[in-house]
Structure formats: C-alpha cells, structure tokens
1. Could you order L15, L87, L207 so the one with the most accessible surface comes first? Probe is 1.4 Å.
2. V63: accessible area at probe 1.4 Å, nearest 10 Å²?
3. Quick one: check the C-alpha center-to-center distance for the range 79-134 versus the range 3-41, whole angstrom.
4. Per residue, how much accessible area does the range 158-231 have with a 1.4 Å probe, in Å²?
5. For the range 1-75, which whole-number percentage of the solvent-accessible area (1.4 Å probe, protein heavy atoms only) is attributable to carbon and sulfur atoms?
6. Set the Förster radius R0 to 45 Å, insert the Cβ-Cβ distance between N81 and R113 as r into 1/(1 + (r/R0)^6), and round the FRET efficiency to 0.05.
7. Just want to confirm a number: the relative contact order over the range 1-58, from Cα pairs under 8 angstrom separated by 6+ residues, in percent.
8. For the range 71-88, just list the computed ³J(HN,Hα) in residue order, Karplus coefficients 6.51, -1.76 and 1.60, θ = phi - 60°, integers in Hz, with x standing in for Gly and Pro.
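The values are calculated or read from the model by the stated rules, or taken from the named source; none is laboratory data. Just so you know, these numbers come straight off a predicted model, no measurement behind them. Ideal geometry is used to build each Cβ from the backbone, glycine not excepted, and the neighbour counts take in all protein chains shown. Just the protein is used for accessible areas: all its heavy atoms, side chains included, with ligands, DNA and RNA removed. Shrake-Rupley method; radii C 1.70, N 1.55, O 1.52, S 1.80 Å.
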Amino acid sequence: LIVEYAKRFGVYDDLLPVLSMSLGAGETTLFRLVAGYAMLANGGRQVKATLIDRIQDRWGRTVWRHDQRRCDNCKSESWDNQPEPDLADDRRQIIDPHTAYQMTSIMEGVVTRGTGTRVKELLPNFPVAGKTGTSNEEKDAWFIGYTPDLVVGVFIGYDTPKPMGKGNTGGHVAAPVFGDFMKAALGDSPPVPFRQPPGIKIVRVNLKTGLRAAANDPDAINEAFKPYEEPDDAYSVIGFSNVGQEEPAAPDAAPQDAWQPRPAGAPPPPGNRGVW
C-alpha cells in the first residue's frame, strides 16, 4: 500500500517493498516532495510539477505549454461584460478529499503543538500545515509546509553529507527559513482558510484518549473525521460479541486508481475506512 501511494503522489517511481521504506529510508528530491504535499493542499488532486510553464517563439507565439487545459473563451479580444472563462478541472483525484483534509488537519497540529512550532508566528493570520524531517546524525534537515494556496519546501545539509551538529533538526534549522520566506511571500494578502470538503466533521477530542472531550477538558483539541467515523464519548459502553472466535480476514482489494464520490446519505461499507 505504501508503494502504491508513493507512486500516486509521484514521490518515488519504484519504491523497494521493504519495511524501512515506510519510515522514510528511501531517497527522493525536494521537488518531488513539494509536489506531493501540494496534492494534500489541493484536496487530493494530482499535481504535475514543472520548471517550465510555457515556451514561445521569437514572434511571441506559444509553441509549448505545460497546462494542457482548453479554454475556448479565453481568446476574446476585448471585455464586454462577459462572464469569466470556466476552465474544466480534469486533474486525476488520487485520494479521497476527506483523507487529504485529515492529513492537512494533522499537520496543522505539527505547527501548533508539534515539531514545527517555530512557524507558529504565521498564525492566526495565515493557516499553516507542515512536517519536519531529520535524517540520522542530523546530516539533513527539512521542512515542507503550506497554506491553502502556496506550498514551500526547505532542505538544509552539506553537498557531501556529514553531521551538522547535535540538535540541528528540521524544526530548528529548516522551519525558521520557511517561516521567514512565507512572511515575505504572503505579505498583506488576505488569509484564506483550508478548503474543507463537504461531510467532514470537526470534533473536539481529548488529546490523550482520542474520545470526545468534555466541555471543560483542558487537553481538548479539534480533529477532523470522515462521515460516520466520529469518535465515541468517554461514557460510551463498549460491547463484545463472539468472544474467543477469530474474526474472518477481509479479502484483499486492489488499490483504486481514483477516488469515487460516495452517494448522498450512503454509509461507508463495512470494514472500509480508507480510500473511496
């Protein structure tokens, strides 16, 4: 499953199916990582990153462009109160939008109470999500973060890898660089909240137990849940049936190529809490 998701997000082309790869032992590029996080920021739609947007000839005619979408109404020579062109979004949906938003919500927690608190100064003016990373012996440190409209990655290390020194982690050396850049890049632009897909439930839960928090719970945080997956409260009774019997294994399912919308009002199928 990890290998499949690595290919979907374009982080690796051929990830070795060994356990250490699930912990990040594989090597990739900052360019690919930032593109992968951009797919979480935009609701799970595929991003084909590029360094070249368009090529023109000497007369200004476009001979190649990265964006292959058609826009027949974009060729008007003048504006006569006509509506703005409507571009069809034909990008592939690689994961459930609910899953993408949950990951964003989790990484907002990295900034507010985790290893990325060095960029908290961007709050509350701009919502920020992100993830720190540090390799063995602090040889490499990185931070990839994003607002709803901008994804930025920072990598710090020597050209020839060697330890940078005890404590030089992604949260301490890469995150501040990200914060300084984002303050300059965002400037006075109006804040935009992360786009929440329909059906997501924001529930206050206890930080330690994951159960619904009481009104006066000092350890309460907000968490995002998919429809029909909200947590129980602390006073729920948990019942067991068929005690001692082995539960039948779920049949193997091939990874889905694209997310499919759930019919309105339909509950999730039994045992399926993942990609739709």
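1. Details: L15 15, L87 70, L207 90 Å².
Result, largest first: L207, L87, L15.
2. V63 has an accessible surface of roughly 100 Å² with all protein chains in place.
3. Between the Cα centres of the range 79-134 and the range 3-41 lies a distance of 18 Å.
4. Values: 4630 Å² over 74 residues.
Ligands and nucleic acids excluded, the figure is 63 Å² per residue.
5. Numbers: 2990 of 5610 Å².
Carbon plus sulfur share of accessible area: 53 percent.
6. Values: r = 50 Å, r/R0 = 1.10.
Step by step, r from the Cβ atoms, then E = 0.35.
7. For the range 1-58, the relative contact order is 27 percent.
8. 9, 5, 8, 8, 9, 5, 7, 8, 9, 10, 6, 6, x, 5, x, 10, 8, 6
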